[in-house]
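S.K.: Take this structure, written in structure tokens, and hold onto it; I'll ask about it next.
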């Protein structure tokens, strides 16, 4: 008698019962990102995937989703890095940041519910918002939603500005100050993110996580 097939996520949870760390990378690919910025962003995404995959526990625990905006697109839904390949992003469109943030938060909430339904432990969610411009849609409600979740430590929200990104706007999305990327140092940024995600995934919930050895000031300016 044939065994009933389980949905992919249930199969994955059955084979890998490790606690999960959900992380959304929310990347601006609007027209203003065209050229060296987007090339460096694509390179950084590959560096992130390779770095996470090098740690055996992080490989089992860190689940990454990639959402781009310009327009909003779920490029990759949640998966551990052994089941996920990063796409090559192309430029196009404007900057619907509010819609993109809401999409990312909806994905995170749904994923946490899936963990609970399948008896899988989890860490707090993480979200990295990367943009070089101002939102072109209504964004204040989405910013308030994300900032509130960040204040409650339900979502660890970080904002990274590139070139002419408005830091006053980015401050509305998180309780933590924005980081302004120096030039197009996306590789260093994603090396930093991967080290941080690896450290979190190797910790116990509630542990204090030290900042990785790579100094943020090497690739970004923190805007107080």
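The values are calculated or read from the model by the stated rules, or taken from the named source; none is laboratory data. Small disclaimer: the values here were computed from a predicted structure and weren't measured. Cβ sites come from the backbone with ideal geometry, for glycine too, and all protein chains shown count toward neighbours.
S.K.: Of the residues in segment 50-87, how many are part of a helix (DSSP H, G or I) and surrounded by 16 or more Cβ atoms within 10 Å (Cβ to Cβ)?
M.R.: Residues of segment 50-87 part of a helix (DSSP H, G or I): 50-53, 56-61, 81-83.
Narrowing further to those that are surrounded by 16 or more Cβ atoms within 10 Å (Cβ to Cβ): 51-53, 58-61, 81.
Number satisfying all stated conditions: 8.
S.K.: Keeping to segment 192-213, report how many residues are out of contact with any strand residue (DSSP E or B) (no Cβ under 8 Å at 6 or more places or on another chain) and either in a helix (DSSP H, G or I) or surrounded by 20 or more Cβ atoms within 10 Å (Cβ to Cβ) (or both). Don't jump to the end; show me each part of the working.
M.R.: Initial filter on segment 192-213 (out of contact with any strand residue (DSSP E or B) (no Cβ under 8 Å at 6 or more places or on another chain)): 192, 194-196, 199, 202-213.
Pick out the ones that are also either in a helix (DSSP H, G or I) or surrounded by 20 or more Cβ atoms within 10 Å (Cβ to Cβ) (or both) and you get 192, 194-196, 199.
Adding up the residues that qualify gives 5.
S.K.: How many residues, within segment 124-133, are under 20 Å from residue 33 (Cβ atoms) and modelled with pLDDT of 95 or more?
M.R.: Looking only at segment 124-133, we keep the residues that are under 20 Å from residue 33 (Cβ atoms), and these are 127-133.
Among the residues that remain, those that are also modelled with pLDDT of 95 or more are: 127-132.
Summing the residues that are under 20 Å from residue 33 (Cβ atoms) and modelled with pLDDT of 95 or more in segment 124-133 gives 6.
S.K.: Something else: Taking the stated definitions as given, is residue 168 touching a strand residue (DSSP E or B) at 6+ places or on another chain (Cβ under 8 Å), closer than 28 Å to residue 40 by Cα and at pLDDT 95 or above? Before you say what the answer is, go through the steps one by one.
M.R.: On the way: touching a strand residue (DSSP E or B) at 6+ places or on another chain (Cβ under 8 Å): no; closer than 28 Å to residue 40 by Cα: yes; at pLDDT 95 or above: yes.
No, not satisfied.
S.K.: From the residues in segment 104-123 that are closer than 21 Å to residue 178 by Cβ and touching a strand residue (DSSP E or B) at 6+ places or on another chain (Cβ under 6 Å), which one is surrounded by the fewest Cβ atoms within 10 Å (Cβ to Cβ)? Walk me through it before giving the result.
M.R.: Going through segment 104-123, the residues closer than 21 Å to residue 178 by Cβ turn out to be 104-105, 108.
Those still in the list that are touching a strand residue (DSSP E or B) at 6+ places or on another chain (Cβ under 6 Å) too: 104, 108.
Working: 104: 27, 108: 22.
Filtering segment 104-123 for residues that are closer than 21 Å to residue 178 by Cβ and touching a strand residue (DSSP E or B) at 6+ places or on another chain (Cβ under 6 Å), the one surrounded by the fewest Cβ atoms within 10 Å (Cβ to Cβ) comes out as 108.
S.K.: Which members of segment 6-38 meet the condition of being assigned to a helix (DSSP H, G or I) and without any contact (Cβ under 8 Å) to a residue 60 or more places away in the chain?
M.R.: The answer is 8, 11, 14, 15, 38.
S.K.: Any idea which residue in segment 156-191 is surrounded by the most Cβ atoms within 10 Å (Cβ to Cβ), counting only those that are touching a residue at least 60 places away in the same chain (Cβ under 8 Å), within 18 Å of residue 95 (Cα to Cα) and under 17 Å from the mean Cα position of the chain (by Cα)?
M.R.: Ranking the candidates gives 173 first.
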